[in-house]
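For reference, the structure is listed below as C-alpha cells.
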Amino acid sequence: MKMLSGSEMVIKSLVKMKVKYLFGYPGGAVLDIYDALKTVPNSLKHILVRHEQGATHMADGFARATGKVGVVLVTSGPGATNSITGIATAYMDSIPMVIISGQVASHLIGFDAFQECDMIGISRPIVKHSFLVKKTEDIPETFKKAFWIASTGRPGPVVIDLPKDILDPLIKKEYIWPENIFIRSYQPIISYDPKKIEQIIIQLLIAKKPIIYSGGGVITSHSEEELLFLAEKLNIPVTTSLMGLGSFPGTHKQNLKMLGMHGTYEANMAMHHADLIFAVGVRFDDRTTNNLLKYCPQAIIIHIDIDPTSISKTVIANISIIGDAKQILKQIIHKLNKQKIENRQKILQKWWNKIKKWKDIQSLSYSKSKTYIKPQSVIKCLWKLTKGNAYITSDVGQHQMFTALYYPFNKTRRWINSGGLGTMGFGLPAALGVKLAFPKEIVICITGDGSIQMNIQELSTAKQYNISILIINLNNNALGMVKQWQDIHYFGRHSHSYMNSLPDFLALAKSYGHEGMKIEKKEELKPKLKTAIQQLHKNNLIFVDIIIDPLEHVYPMQIKGGGMNDMQLKKRETV
Amino acid sequence: MMHKILSILLENEFGALSRVIGLFSQRGYNIESVTVSPTEDSSISQMTIQTKVENENIVEQIKKQLYKLINVLQVQEIGIFPHIEREILLIKLKLDHEKIKDVILITKIFKGKIVHITNKTIIIQITGTNKKITDYIQIIKKKNKILEIARSGIIGILKN
Ligand SMILES: Cc1ncc(C[n+]2csc(CCOP(=O)(O)OP(=O)(O)O)c2C)c(N)n1
C-alpha cells in the first residue's frame with residue numbers, strides 16, 4: 001500500500017483523473033499542495049494566474065471548449081472569495097468545474113483565524129455540491145466523487161475545501177484510489193418514459209407551424225448531430241438560444257438564428273406564431289421569453305431537459321421528458337425512421353413562406369457610416385477571415401450581442417460566453433483557457449473597453465505562458481450596453497456609463513510584452529485584421545483596439561413587457 | 001396561500017442541513033417550521049418542513065429543487081396522503097388562582113398535561129396537530145396571560 005501525505009494525495013488524484021491544467025494562485029493554506037506540485041511537472045501543468053477570478057474563468061473556458069472538467073486551486077480566505085464570481089458564472093451555465101480551496105487548520109475553523117472564511121457556506125448557493133474534507137485518507141474518494149458530480153447529469157461546479165492540517169507533508173496515510181464510487185443520494189437520470197416518444201412524434205408530424213428551439217443542453221449532451229438530422233428530415237426551422245449558438249449550424253438554411261431579447265425578427269416571429277415548439281436543452285430563460293403572459297399563445301410546448309427543475313419552471317410544457325437529450329433524440333429518430341413520412345416540403349410550404357417574409361425584412365441589416373467603423377462589420381469581417389472556424393470568447397455588453405448575431409457558429413463549443421450570469425471580465429481569461437486546450441486553433445476574445453478592464457491583469461499570465469490569442473476591443477469609449485438602456489429607458493440620461501479615462505490600450509498591451517494594434521479607419525479594418533490573425537502564428541498575443549461608432553445600438557430588440565413578436569428593429573431617431 | 005408538509009430524508013452529513021434550509025431562502029420560499037433528527041439509521045436524517053405556498057406549482061418546484069441537492073435521498077409531501085402529524089407545545093401561563101380550574105378543564109379537553117407549577121406560573125404541554133395547538137393557544141389566550149411559548153414544529157409520518 002502506498003503511503004502519501006494529503007498534498008501528495010491531491011496531486012496524485014488529479015493526475016489519476018487525467019487533469020492537464022490546474023489554474024491557481026498560491027497562499028498559506030495550500031503551500032503544501034504547491035510543494036507537492038513540484039513532483040509532477042510534466043503530467044499536471046499549473047497555470048499561475050494574476051487573480052483567482054481569472055483562474056475560474058480560465059478553467060471555465062477550458063471546460064466549455066473541451067467538455068472536460070476545469071480545475072482550480074485557490075488558497076483560503078481571500079483566495080476563495082475571489083473565486084466566487086467565476087464559480088457563479090460556471091454554475092449558471094452548467095459548466096463542469098472542480099474548485100480546490102485551502103482552509104485553515106481544522107482546530108482553527110470557527111475561530112476567525114487568519115484568512116479563514118466559510119467557503120462551503122459562501123459558495124453554497126452557486127455550486128452543484130461541496131465537500132469539506134475532514135481526514136487525509138478521504139481525499140482520493142472525495143476527488144473522484146467531486147469529478148463525477150461535476151461532470152454528470154446537469155454539470156456544474158463542485159468545491160472541495162481542504163483544511164491545512166490534513167495536507168501536512170509529514171503525516172502519511174494509506175492512499176487508496178477507489179475504482180468505483182457510489183453516491184447513494186446521487187443517481188443522475190439516464191432513463192426516460194418511452195411512451196412520450198410516441199406522443200412527441202405525433203405532435204412533430206401533425207404540426208403545421210413547428211419550430212425547434214435549441215439550447216446549451218444540446219451542446220452539453222453532444223446531440224447536435226441528432227438535432228441536425230431531425231430538423232432536416234422534418235424540414236423544421238431552428239432557432240437557438242445564446243447558449244445554444246453552434247448547436248445547429250449557423251449558416252444552415254433552416255437556421256433562423258438567435259431568439260429572445262436581441263433575437264432576429266424571423267426567430268421571434270416564428271416562435272410567436274408557432275403551433276409547436278420543440279425545445280431541447282433550454283431553460284426558457286427570461287431573456288428569451290419576454291413577457292410570459294404573452295408567450296407563444298398558440299404553441300404546444302415539448303420540452304426535453306436533463307434537469308427536472310427546468311421543466312415547467314417558467315413556461316408550462318405540454319409534453320416533457322427528463323433525460324439525456326442525445327438518447328431521447330436518437331430514440332425519436334429511430335422510431336421516426338420506421339414510419340412513412342409525407343412530403344415535408346409540401347406540408348410546411350405555407351409556414352416557410354411566412355418565415356421567408358419575416359426573413360426578407362433583414363433585421364440584421366444596419367446603417368453604414370462614412371466616418372465610423374460599425375461594430376457589426378468588425379464581426380462580419382472576422383467571420384470571413386476565420387471562415388467561421390475560430391473559437392470565440394466574449395465579455396458582456398453590446399459587443400457580445402453583435403458577436404452572437406453576426407458570427408454564425410457552425411460547430412459546437414466555439415462560442416464561449418457567460419450567458420447566465422453575464423459576467424464582465426470573463427472573455428480574456430476564458431480565451432486563455434481555450435487556447436491552452438487547443439493551441440493550434442485561432443482563439444479570439446471579443447470584448448469592450450469596460451469589460452476588458454475587469455480582468456486585464458491576465459495579460460500577464462498570457463505573457464508568462466506565451467498564450468497567443470487575439471483580443472478585439474470594440475472600443476466605444478463607454479459602457480455601451482448600459483448607455484443603450486439609458487437611451488431607451490431613461491430618455492438618454494447617461495448616468496455613469498462613460499469611461500472618461502480609458503488607458504492607452506496599445507501601450508498597456510505592450511507594457512505586458514504583447515503586440516498592440518489600433519484600427520480607426522474603415523479601410524484599415526480588413527487588412528489590419530488579416531495581419532493580426534497572421535501574426536498569431538508567431539505565438540504573440542495581439543491586442544487590437546478598434547474605435548467604433550460610439551452611438552451604435554444593438555438591434556433588433558424586443559419591446560419590454562411584450563410578446564415574442566413585439567420588436568423594435570431600428571434605433572428611434574428621437575433618441 | 002396553502003400549508004404544505006414535506007418530509008425529507010437526507011444524508012446525515014456536514015452541510016446537508018444548511019443546504020436544504022439555504023435552498024428555501026435562496027429561492028424565496030417560506031419555512032413555517034422545521035424539525036430534524038437522525039433516523040434509526042444514523043447515517044440518514046429525517047426532516048419535516050412546513051411551508052406556505054401560493055400554488056401547487058411552487059410545491060412541485062420545491063420538491064424538484066430539493067431532489068436536485070446531492071444529499072437528499074427522498075422528498076415526500078405528506079399532507080396529501082393519510083398520515084400522522086404531531087407537534088409539541090410548551091406554554092407558560094401566569095397563574096391566576098381564580099382561573100386555574102378553567103385552565104385545567106380546557107387542558108383536559110385537549111388531552112394536555114400540566115408539567116410544572118409554581119405559585120406564580122404554570123407550564124402546560126400539549127401534543128397534537130398544528131391546528132389543535134393553534135386552537136388551544138387561541139382559547140387559553142382569551143382569559144389568561146401567556147408568559148412564554150415554545151413549539152417544536154411539526155413531525156409527520158405516513159400511515160403506509
Ligand atoms: C461584473 C459586471 N458588472 C456589471 C455588469 C452590467 N453590465 C452589463 S453590460 C455593461 C457594459 C459593458 O460595457 P463594455 O464592456 O464596454 O461593452 P459594450 O457594451 O460597450 O460593448 C455593464 C456594466 C455586468 N454584466 N457584469
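The values are calculated or read from the model by the stated rules, or taken from the named source; none is laboratory data. Model, not experiment: these values are computed from the prediction. Counting neighbours? That spans all protein chains shown, and the Cβs are built from the backbone with ideal geometry, glycine included.
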For this session: Could you figure out which of (1) away from chain B (no Cβ under 14 Å); (2) under 21 Å from A:ILE304 (Cα atoms); (3) without any contact (Cβ under 8 Å) to a residue 12 or more places away in the chain isn't true of A:GLN187?
Result: (1)
For this session: Filter the stretch A:109-155 down to the residues that are more than 10 Å from chain B (Cβ to nearest Cβ) and within 20 Å of the chain's Cα centre (by Cα), then identify the one that is surrounded by the most Cβ atoms within 10 Å (Cβ to Cβ).
Result: A:ALA150
Exercise. Filter the stretch A:394-416 for residues that are over 12 Å from the mean Cα position of the chain (by Cα) and within 12 Å of A:CYS445 (Cβ to Cβ); which is farthest from the ligand (Cβ to nearest atom)?
Worked result: A:THR403
For this session: Please enumerate the residues belonging to the stretch A:492-531 that are within 30 Å of A:ARG572 (Cβ to Cβ), assigned to a loop (DSSP other than H, G, I, E, B) and within 14 Å of the ligand (Cβ to nearest atom).
Result: A:HIS494, A:SER495, A:HIS496, A:SER497, A:MET499, A:ASN500, A:LEU502
Exercise. Given (1) more than 14 Å from every other protein chain (Cβ to nearest Cβ); (2) over 19 Å from the mean Cα position of the chain (by Cα); (3) free of Cβ contacts under 8 Å to residues at least 12 places away in the same chain, where does B:GLU54 come up short, assuming only one miss?
Worked result: (3)
Problem set entry | Hits in the stretch A:156-175 - residues which are more than 13 Å from chain B (Cβ to nearest Cβ), in contact with a helix residue (DSSP H, G or I) (Cβ under 6 Å, 6 or more places away or on another chain) and outside any strand (DSSP E or B) | A:LYS164, A:ASP165, A:ILE166, A:LEU167, A:PRO169, A:TYR175
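Could you tell me which residue of the stretch A:77-123 is farthest from the ligand (Cβ to nearest atom), considering only residues that are touching a strand residue (DSSP E or B) at 6+ places or on another chain (Cβ under 8 Å) and in a loop (DSSP other than H, G, I, E, B)?
Only one residue fits best here, namely A:ALA105.
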Problem set entry | Selected residue (criterion: surrounded by the most Cβ atoms within 10 Å (Cβ to Cβ)) from residues of the stretch B:13-32 that are away from chain A (no Cβ under 11 Å) and assigned to a loop (DSSP other than H, G, I, E, B) | B:TYR29
For this session: Scan (1) farther than 18 Å from A:ASP193 by Cβ; (2) without any contact (Cβ under 8 Å) to a residue 12 or more places away in the chain; (3) not in a loop (DSSP other than H, G, I, E, B) for the single condition A:LYS354 breaks and write down its number.
Result: (2)
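Would you list the helices (runs of 4 or more DSSP H) that sit entirely within the stretch A:422-491 and hold 3 or more residues that are at pLDDT 95 or above, away from the ligand (no atom under 16 Å from the Cβ) and closer than 26 Å to A:ARG287 by Cβ?
It comes to none.
Working carefully through the options A:ALA317, A:ALA267, A:ALA274, find the one that is within 28 Å of A:GLY420 (Cβ to Cβ), within 14 Å of chain B (Cβ to nearest Cβ) and either in contact (Cβ under 8 Å) with a residue 12 or more places away in the chain or of a type in the set (Ser, Thr, Tyr) (or both).
A:ALA317
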